[in-house]
1. Considering amide H positions built from the backbone, and no H for Pro or chain starts, which residues 5 or more places from L35, or on another chain, come under 5 Å of its amide H?
2. Put a dot 7 Å past each Cα toward the Cβ at K46 and R146; how far apart are the dots in nm?
3. Expected output is a single nm value to one decimal: the length gained when fully extending between A163 and R220, i.e. 0.36 nm times separation in residues minus the C-alpha distance. What is it?
4. Just add up the charged neighbours of R90: K/R +1, D/E -1, any other residue whose Cβ is under 12 Å from the Cβ of R90.
5. Anything over 19 Å Cα to Cα? Flag those among K53/K149; K46/K150; K53/K150; K42/K150; K113/K150; K42/K113, in the order listed.
6. Pull up all non-local amide H partners of L86: gap of 5 or more, or a different chain, and H-to-H distance under 5 Å with H placed in the peptide plane.
7. So what's the net charge close to F110: Lys and Arg +1, Asp and Glu -1, counting the other residues with Cβ under 10 Å from its Cβ?
8. Each residue of the stretch 56-72 in turn: what ³J(HN,Hα) in whole Hz from Karplus with 6.51, -1.76, 1.60 and θ = phi - 60°, glycine and Pro shown as x?
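The values are calculated or read from the model by the stated rules, or taken from the named source; none is laboratory data. Here the structure is a predicted model, which means the values were calculated and not measured. With ideal geometry, Cβ positions are generated from the backbone for all residues, glycine too; neighbour counts draw on all protein chains shown. Each accessible area value is taken on the protein alone, full model and side chains, heavy atoms only, with ligands, DNA and RNA left out. Shrake-Rupley method; radii C 1.70, N 1.55, O 1.52, S 1.80 Å.
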Amino acid sequence: MRNHLVMSLAVALTTTSCTGTKAPDAPAGPVAITLEIERKSKGAVKALSVGDKWKTGDRIAVSVAAEENAEAYLLFFGADGAERVLVPGRGRPDVQLAAGQGTRLPAGGFEVKGCSGVDRLFLVLSQGPLSLADPKLYNAVERIQRWEKKGRDCNAPVAPPPAPLPADVAAGGGGAGPAEVPPPIPVAPPPKKAEPKDQNVTTFASRSVCAGRDECDGRRQLKTTGDAYVATFEPGGVAVIELSFNHVGR
């Protein structure tokens, strides 16, 4: 794969009635979209491919260009459990991509934070207002904007292991030493509670076309044509693209 990510997304939508007349308010197509991920680290700028590494403190920007107007949302789901909407910013109007003009999302980029693991970006594009095209998805974006989820503390100390038994007790010996202490009766640990699925992540991942590597197993993947990724919008004119990157700390 080239050292930069270029995505071409085409929408083939049925927008005509049986008489051949275009349905009112139907999304137009086909629409081509190109996308690049840019990483700035210690003053050096590098284009990223999906699955590449980034580090805490790196500054990332997504450059998107579309042939026609589109509404855009960019969300971040961190390996530490953090969830936030990068675009649009809190309290700011929805971001509209002007036809044929490249747009950086966010305009000033965003800083990589959190713990090591797999970080994910979800790019949501809609050929009309997302609130009308997919209210469920729009509401999920709005929930994260209102109640942004912070990740766990990556530097939290690990609980120390329990102190070992005295040597004579561990060996089963006796004698004049301390009184023998009977070994503890093993107790079965309580059954683990199934961790609740994060509904926000699930909502986006189940709708996305995946451009990651191992994370794509069992899900729809972007098709490749040469160095380009190709996907289709859903009939409602909405596309959700997942981009996975390996967060390796500092």
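1. M7
2. Label-label distance for R146 and K46, simple model: 4.1 nm.
3. Here the answer is 15.6 nm.
4. Its environment carries a net charge of +1.
5. K53/K149; K46/K150; K53/K150; K42/K150
6. L74, L75, F76
7. Taking every Cβ under 10 Å from that of F110, the sum is +1.
8. After applying 6.51 cos²θ - 1.76 cosθ + 1.60, I find 4, x, 5, 10, 10, 9, 10, 9, 10, 9, 10, 6, 10, 4, 8, 8, 10 Hz.
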